[in-house]
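Structure first, commentary second.
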Amino acid sequence: MASDAPAAMSRRELEEKIVARAWKDDDFRRKFLADPKRQFELHLGTKLPDHLQITAHEESDNTLHFVIPHKPAQNLDELSDEELEKVAGGLTPTVPLVSMIVASLAASAGGSALGVVIGQGKGGWNG
């Protein structure tokens, strides 16, 4: 049975799509840098929580932005070797933005919104 739900994607895949579109489409890049939260709302087809803040930065030849992810609630001493390997190897990044959006949408919708949030939504990120 085929599903009409958008395919889920990881944070890395979502970031890659946003970057690729920003490199191809100067208008999108300007809009995303000016108001990333609004661009997420447009592409996801839903309103994000008022308390959620999203910041976008553009690197140049003379700048480098480094993000320290949100510290996981679970004590790192309690992670298994496999979980530590995934975190260290970048295979399972901490996703505070996606997690917050999922939790907020799931709470308001009474169910899981993961496919909608990480999926391509109405407009998608491909342009």
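The values are calculated or read from the model by the stated rules, or taken from the named source; none is laboratory data. Everything numeric in this text was worked out from a predicted model, so none of it was measured. These area figures cover heavy atoms from the full protein model, side chains too; ligands, DNA and RNA do not enter into them. Shrake-Rupley method; radii C 1.70, N 1.55, O 1.52, S 1.80 Å.
Worth pointing out:
- For the pair residue 68 and residue 31, the difference between a 0.36 nm per residue extended length and the Cα-Cα distance amounts to 10.9 nm.
- Net length gained if the chain between residue 51 and residue 24 were fully extended (0.36 nm per residue, minus Cα distance): 6.6 nm
- Residue 31 accessible area, assembled protein chains, probe 1.4 Å, Å²: 100
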